[in-house]
Amino acid sequence: MQETPVLAFDVGGSFVKAGLVDPATGGIAGGVLRRPTPDGAAPAEVIDLLASMARELPSTGAVGLAFPAVIRQGRAWTAANVDPRWIGTDAQGLLAARVGRPVALLNDADAAGVAEMTLGAGRGRDGTVMVLTFGTGIGSAIFVDGRLLPNTELGHLEVRGTEAEHRASAKARTDLGLGWAEWSAAVNEVLAAFHRLIWPDLFIIGGGVTENWDNFGPLLTSRAEIVAARFRNDAGIVGAAIAAVHAGSRPGQGPGGTP
């Protein structure tokens, strides 16, 4: 199994984050390195940025990469908030070639979910758990008795004719000029729609917006329990690091048994 620290990245539509993570605790040595996502988020520019950030955070062993797309066998198959040229791109192979080390690649919301279910707010929880990340979009990760159903894209579910993430993401709150009460009402609509379809026992709310949890957390309502993600906006990095360790110890299989 890989020794700590583990280099991990979380690519978002607005920012790319990196850190050296202790996968046993989720601690990030020296804090998180944060850079603006290149305009357009084209593959070459993003890979260049990741390679540059890797040089700023020297480490050894496998690398974790959380990416905002459906991920199958190391390739990205959607591109909701990044350049469409990512679709079909071997993102795992591109980064591995640049850093000269194995790379564990997974969907960014799935990575956040892995962090929360392994070390965070969902640790030890059975039943159905939905981890939702509110940022540029809305990411979703679903776990049943601790096992991940990978690549769910429920942020694109239509709620009264509008995609959930266009109605209730953190970016939508800013773009629409919504106050916390108005935005929380929109989030509650989305939670209700998810609940009607999935019937989770627990919602774990993460993403950059959780820095303001005290402003909106008490306003959220659902038939399911609602809690804040323990790792807040760093969950993607932590989960990517856990995936890197998991991939190193069980070749060919990712977190939650995913390929």
>> Quick check for me: using +1 on Lys/Arg Cβ and -1 on Asp/Glu Cβ, what's the dipole size of region 125-259 about its Cα centre, in debye to the nearest 20?
In response: 220 debye
> If you take every DSSP beta bridge whose two residues both sit in the chain, what share of them, in percent to the nearest 5, is antiparallel?
Replying inline: 60 percent
>> Using a 7 Å offset from the Cα along the Cα-to-Cβ direction at both residue 101 and residue 128, what is the distance between the two label points in nm, to one decimal?
In response: 3.9 nm
> How much length, in nm to one decimal, is gained on full extension between residue 196 and residue 225, taken as 0.36 nm per residue of separation minus their Cα-Cα distance?
Replying inline: 9.0 nm
> What length, rounded to one decimal in nm, is gained on full extension from residue 14 through to residue 35, with 0.36 nm per residue of separation minus their alpha-carbon distance?
Replying inline: 6.7 nm
> Each residue of region 227-244 in order: what ³J(HN,Hα) in whole Hz does its phi give by Karplus 6.51 cos²θ - 1.76 cosθ + 1.60, θ = phi - 60°, with x for Gly and Pro?
Replying inline: 9, 7, 4, 4, 8, 6, 7, 9, 4, x, 5, 5, x, 5, 5, 4, 4, 4
>> Just want the answer: with Cβ charges of +1 for Lys and Arg and -1 for Asp and Glu, which residue in 21, 206, 137 is farthest toward the dipole's positive end in the chain?
In response: 21
> Based on the Cβ-Cβ distance from residue 160 to residue 60, what FRET efficiency comes out when R0 is 41 Å, to the nearest 0.05?
Replying inline: 0.25
> Rounded to two decimals, what is Rg over Rh for the chain when you use alpha-carbon atoms and the Kirkwood radius?
Replying inline: 0.95
>> Rolling a 1.4 Å sphere over the protein heavy atoms, what is the accessible area per residue of region 86-231, to the nearest Å²?
In response: 42 Å²
> Residue by residue through region 82-89, which ³J(HN,Hα) values in whole Hz follow from phi under the Karplus form 6.51 cos²θ - 1.76 cosθ + 1.60 (θ = phi - 60°), with glycine and proline marked x?
Replying inline: 9, 4, x, 5, 5, 5, x, 6
>> I'd like the carbon and sulfur percentage of the solvent accessible area for region 90-223, probe radius 1.4 Å, heavy atoms only, ligands and nucleic acids excluded.
In response: 49 percent
>> Binning at 10 angstrom from zero up to the longest distance, how are the C-alpha pair distances of region 1-155 distributed in percent?
In response: 11, 41, 38, 10, 0
>> Need the full-extension length gain, residue 87 to residue 188, defined as separation in residues times 0.36 nm minus the C-alpha distance. One decimal, nm.
In response: 33.2 nm
>> Just to be sure I understand: of the beta bridges DSSP finds with both ends in region 7-110, what percent are antiparallel, rounded to 5?
In response: 60 percent
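The values are calculated or read from the model by the stated rules, or taken from the named source; none is laboratory data. All values derive from a computational prediction rather than experimental measurement. Positions of Cβ are backbone-derived with ideal geometry, glycine not excepted, and every protein chain shown enters the neighbour counts. Remember, those area values only see protein heavy atoms, side chains included, never the ligands or the DNA or RNA. Shrake-Rupley method; radii C 1.70, N 1.55, O 1.52, S 1.80 Å.
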